[in-house]
Amino acid sequence: MKEKDIINGFEVTRVRENNEINGKLWELVHIRTGLKAAWLDNGENNKLFSINFKTVPWDDTGVFHILEHSVLGGSESFPVKEPFVELIKSSMNTFLNAMTFSDKTIFPVSSRNEKDFLNLVKAYLDGVFKPAIYYNPNIFYQEGWHYELMDRTDEPVYKGVVFNEMKGVYSSEESVLLQNIQKLMFPDTCYGFSSGGIPSIIPELNYEKFIAAHKEYYHPSNAKVYLDGSVPLEKVLKMMDEEYLCNYSGSDISHDIPMQKPVKNAETVGYYEASEGNEAKALLGLSKIICDWRDQKKTIAYDVLCNYMTATNESPIKKALLDQGLAQDVEMFVDDSIQQPYVIMIVKQIDYDKKNQIIAAIRGAIDGVLNEGFDKEKLHSILDYLYFESKDVEEPKGLERNVNAMRTWNYGGDPLDGLLEDGSFDDLRKAIDSDYYESLLREFPCDDTETVAHYLLPSLTKGEEDYQAEKERLAEAKNSWTEKEMDDILAMNEKLAEWQNSADSLEAINSLPKLALSDIGTEPAVMKTEAIERNGITVLKHECDESGIVHYQLYFSLADCDEEEFPAISFMSNLLGMIPTEKYSAIDLEKRIGRNMGYIDYNIKTFGSQNSTDICKPYFVVSLSMLEEREKDAIDLLGEILSNTLYSSAESRTMIKNILQQCIEIMRQEIMMSGNRYGLMEVQSQFSSAGAATEMTEGFSFYKWMKAFDENFDAAYGDFVRICERVQNETFDANHLVVSVASKRDEDDVSEIADVFSKNKPAKVPESKAVHYSNAPQREAIQIPGGISYAVSAGNLHRLGYAYSSEMDVLSTILSFDYLWNEVRVKGGAYGCGFSAGAGGGIGFSSYRDPDPLNSIDVYNNAAAYIERFCKDEEPLDKYVISTAASQEPLKQARILAEYADTDYFRGIRYEDRVEMRRHILQMKKSDLLKYADLMNRVSQQKAYCVVGNEQAIAKCRDEGWTVESL
Ligand SMILES: [Zn+2]
């Protein structure tokens, strides 16, 4: 294949080879329709296909977000209700999703298996070009919104998956701030609109406008196809040309986005829902447009400056605000996913009355750097860190490359420009010796005419006001309906329910191409572990093929620590590298970490036992990845941080207090955004030692511990320091240590680590620990502000008389993507739901952004009956086995695969066990699942629930006698 060649209706327009992309970039154009395609031919085993449409919103109804959901809800060749879910259940995909951005909608799929890959491509092409939305409006009602009304005397409510998803998004004050500030900054272009949709505006969208948007925007002339890895190019081109593009001719409609002229001196105020008892304060967003999409170097340079000015508590702007008590935290970043990248600074927990002092403090910090000059060493360290980050890409890597290529391609630019970055880094290193950074800092968003400012103030009444406003809109709508309209709405609800309750015919399900069990290998592709003893330390060796990078995980056992100390030790993990050590100040540390450590993270992990709920293995874990040539320096630095951090100095004390308050706020946001995870931890803590340890180091009780520490800081500080110092002196030593290493090198020498963490005492550390747990099921509710909820029902296999088996992974797939998907998401309107059973024994149901959590708990309680029905019907089990087998060998970066392998090691699962689990599920029959109906009955009888939710949901829990707490 070469330039000007014509293949299946496509002409090759350009071919370029480049070392940075490890291969060639082929560009093609479909002659008849003008559809453009690019293939990054890099030989990678994982194959990615993405069809990307330029979708430019003109209002806040979320029309493109609803389309993104809806086109995956049935199509001409695959007339099932949800091909998307069928594919999740039956394929070996390594990625399967779709995303709506501010100016594009992308549909990426990937797989390592060629047959599977082609199946997925076909299903996605059919969905985007021949969706069932044209003849089935139920899809729009279900995914978008509708008035739910089953009886004319009822009050109608809004239902819809996107409607609820967006209520969840906008219950985060930062999402509200970002939306408001974009509105302010881009009044004349699509970027002022919420592409996801604003819940109060979504109901302005009707079915006709929705269909018109598909017709205009989901056209080949408006599409760009990105391919990555060892894809069978000719087969993909042939499928596109012969089955889809042949139905179209070219179109001249273009969707150019005008350039926004900077808005002068704009400042606005908005409100978010705050909770009572929480001294929530205001947020400030300062933002400005920095350039257009062509200037990649400038966007990276701004990244450097954001990092320089605000990354840590010692950075100039953050330090000035913290020292003067004007804010609790500052976050700053560049959004380069749109035509005109912008930079935003978010100043958190501020007092609106002090806004002039805040701006003056920021100005002062900027002027301070301009007067004294930049610390060049720090600029170098930030560039090193950002460069490592640009190479340390999450899998599937092709997905990130698709998004990067679209940074330029979507605006008519060269896709290769979006894929290449190294040149910008070279230029930016050279620029350190010029006045380049000074000139950019002079334009930093602060008090000049092109900066826009938005203050988001807390309101204790906004939640109730929004709730009442929604009720009024609904009442008004109902009052305005004529008899005929009322009849139509009732009929629509009936039809929708009938459609949702109908099962797809087996014939329809079989229309989807799928793999056979024989396509599945008998040996799971998981990272292997070799456990050896070196220098008196247990070393878990993993092989990986990433060249030039080494990944370490250091596990320090906490089995000989007092469980009362666990929350303190968990909090301590946030201090490492942030507060001074004997040798280095906090600023020196920051520079050294940036230069030498690519990725560094400290946390607590607890592994449950396969055989008993009464013991667990808690560890303090350090994850460290770096370039090979930095290895020695990185390990020396880690030794200094773990062994010589100063916890008790006056300087550290102030820093610890600041970090504590920031951690509380970050966790408060997390609980609101991922209530399902916190609910699961809460319930599982009742039934096992591992559950209890996890909850007290990561869960809601850890949050309460931090808040109590903050309120009682002066009195509790001394004890806290004693715990940190004891862990530093006694736990961070070779006796407590297991080292895991993943690299391409075949050496297994860890003498450097052994030198750094010598043995303190010849003490024997116990293997595991018994952490106390209540063993009494409870019904608990945690009230959060915002319009959304989460519902959990959970337990522990061992306590219910079961042991873990890989069959349960298949059961999880079936329950999550069949039963719960239909009942909780499709009918219940929740954005997400799932069931999981882990080898550690924890099992649980959960829902995500759920409008009716108690209803979801009823659904969980009926799972036994579902399993019985499932075992009787004729649908084969194969597809569930195939997707489960694939999920047991996920495509991940080496660091994460090493973590998975380590988890198996600590739980006593060997590679041979994984092979046996694979063999076992490949031979499974439906009748093997019947015994789990009894397990589900036991889970439901024990009534161990947690609802994390809004005021209305929690009021119902309170009425039923649950224990209620507030965030
Ligand atoms: Zn969505």
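Loop only by DSSP, 13 or fewer other Cβ within 10 Å of the Cβ. Give me the GluC sites (Glu not before Pro) in the range 815-911 that pass, ordered by residue number. List each step's numbers first, then the result.
Values: sites: 823, 868, 874, 899; in loops: 874.
Hits after loop and neighbour filter: 874.
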Q | Under 14 Å from the residue 752 label point (7 Å along Cα→beta-carbon), backbone N, the range 524-549 | A | 548-549
**Q.** Charge dipole of the range 573-622 about the Cα centre (unit charges at C-beta), most positive-ward option of 620, 594, 574
**A.** 594
Q. Of 524, 798, 52, whose Cα points farthest to the positive end of the dipole of the chain (charges on the beta-carbon: +1 Lys, Arg; -1 Asp, Glu; origin at the Cα centre)?
A. 524
Q) Using r as the Cβ-Cβ distance of residue 252 and residue 151, and R0 as 51 Å, what FRET efficiency do you calculate, to the nearest 0.05? A) 0.50
Q. Could you list, bin by bin from short to long, the percent of Cα-Cα pairs of the chain in 20 Å steps?
A. 12, 44, 39, 5, 0
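Taking the Cα centre as origin and putting +1 on Lys and Arg beta-carbons and -1 on Asp and Glu beta-carbons, what dipole magnitude results for the range 206-264, to the nearest 20 debye? Walk me through the numbers before you get to the answer.
Numbers: 7 positive and 9 negative charges, 83 e Å.
About 400 debye.
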Q: Obtain the radius of gyration and the Kirkwood radius of the range 1-152 from its C-alpha atoms and give Rg over Rh.
A: 1.04
(Q) As an exercise, use a Förster radius of 25 Å and the Cβ-Cβ distance of residue 547 and residue 380 to find the FRET efficiency, rounded to the nearest 0.05. (A) 0.60
Q. Cα centroid distance between the range 436-478 and the range 343-421, in Å?
A. 22 Å
(Q) Averaged across orientations, what area in nm² does the convex hull of the alpha carbons in the range 909-953 project? (A) 6.0 nm²
Q: Note down the nm distance, to one decimal, between modelled labels 7 Å out along Cα→Cβ at residue 324 and at residue 269.
A: 2.1 nm
(Q) For the range 722-816, which trypsin sites (Lys or Arg not before Pro) pass both filters: DSSP loop (anything but H, G, I, E, B) and at most 15 other C-beta atoms within 10 Å? (A) 744, 745, 759, 764
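For the chain, which span is the longest to avoid every loop-located (per DSSP) member of chymotrypsin sites (Phe, Trp or Tyr not before Pro) having at most 15 other Cβ atoms inside 10 Å? Write out the running numbers ahead of the final one.
Working: sites that count: 58, 135.
In short, 136-967.
Taking 0.36 nm per intervening residue step and subtracting the Cα-Cα distance, what contour gain separates residue 725 from residue 585 on full extension?
On the way: separation 140, 0.36 × 140 = 50.40 nm, distance 1.81 nm.
Value of the extension gain: 48.6 nm.
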Q. Full extension from residue 6 to residue 925: what is 0.36 nm times the residue separation minus their Cα-Cα distance, to one decimal in nm?
A. 325.9 nm
Q | Taking only Cα atoms of the range 316-367, radius of gyration then Dmax in Å | A | 12.3, 37
Q | About the Cα centre, charge dipole magnitude for the range 1-132 (Lys/Arg +1, Asp/Glu -1 at Cβ), debye | A | 280 debye
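When a/c is below 1.5 the answer is rounded, else prolate if a/b is larger than b/c, else oblate, so apply that to the range 834-967 with a ≥ b ≥ c taken from the square roots of the Cα gyration tensor eigenvalues.
On the way: a/c = 2.38, a/b = 1.45, b/c = 1.64.
Oblate, because a/c is 1.5 or more while a/b does not exceed b/c.
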Q. Out of 80, 824, 290, whose Cα points farthest toward the positive end of the dipole of the chain (charges: +1 Lys, Arg; -1 Asp, Glu; placed on Cβ)?
A. 80
Q. So if we plug the beta-carbon distance of residue 535 and residue 865 into 1/(1 + (r/R0)^6) with R0 = 51 Å, what FRET efficiency do we get, rounded to 0.05?
A. 0.35
Q. If you keep only loop residues by DSSP, which GluC sites (Glu not before Pro) in the range 1-88 have at most 15 other Cβ atoms within 10 Å of their Cβ?
A. 3, 20, 76
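In what order do 347, 169 fall by count of nearby beta-carbon atoms within 10 Å, going from fewest to most? List each step's numbers first, then the result.
Working: 347 27, 169 20.
Placing the least packed residue first, the sequence is 169, 347.
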Q. Where in the range 212-240 does the amide nitrogen come within less than 19 Å of the point 7 Å from the Cα of residue 31, taken along Cα to Cβ?
A. 220-221, 234-240
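Among DSSP beta bridges whose residues both lie in the chain, state the antiparallel percentage, nearest 5. Let's see the in-between values first.
Numbers: 104 of 131 bridges.
Here the share of antiparallel DSSP bridges comes out near 80 percent.
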Q | Dmax and Rg, reported as Rg then Dmax, of the range 625-679 (C-alpha, Å) | A | 16.9, 43
Q: Diagonalise the Cα gyration tensor of the range 771-884 and give the resulting equivalent ellipsoid semi-axes, square root of 5 times each eigenvalue, largest first, whole Å.
A: 24, 21, 12
Q: Please report, to two decimal places, log10 I(q)/I(0) for the range 191-299 at q = 0.11 Å⁻¹ as given by the Debye formula with identical point scatterers on the Cα atoms and no solvent.
A: -0.76
Q) Quick one: Cα centre-to-centre distance for the range 135-185 and the range 701-776, in angstrom? A) 46 Å
Q. Taking the simple approach of a point 7 Å from Cα along Cα-to-Cβ for both residue 465 and residue 518, what is their distance in nm?
A. 6.7 nm
Q | Difference of contour (0.36 nm per residue) and Cα-Cα distance, residue 243 to residue 390 | A | 49.1 nm
Q) Where the only charges are on Cβ atoms (+1 Lys, Arg; -1 Asp, Glu), what is the dipole of the chain about its Cα centre, to the nearest 20 debye? A) 880 debye
**Q.** ³J(HN,Hα) computed for each position of the range 677-687 - Karplus, 6.51 cos²θ - 1.76 cosθ + 1.60, integer Hz, glycine/proline x
**A.** 5, 6, x, 4, 4, 4, 6, 5, 5, 6, 10
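Given that compact globular proteins tend to follow 2.2 N^0.38 Å, what is the ratio of the alpha-carbon Rg of the range 500-553 to that value?
Working: Rg = 22.2 Å, N = 54, 2.2 N^0.38 = 10.0 Å.
Against the compact-globule rule of thumb, the ratio is 2.22.
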Q) What ranking do 792, 157, 369 get, fewest neighbouring Cβ atoms within 10 angstrom at the top? A) 157, 369, 792
Q. Between residue 963 and residue 643, what is the label-to-label distance in nm when each label sits 7 Å out along the Cα-to-Cβ direction?
A. 4.3 nm
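No lab work stands behind these numbers, since they all come straight from the coordinates. What you are looking at is a predicted structure, and each value in this text was computed from that prediction instead of being measured. So basically every Cβ, Gly included, is an ideal-geometry build from the backbone, and we count neighbours across all protein chains shown.
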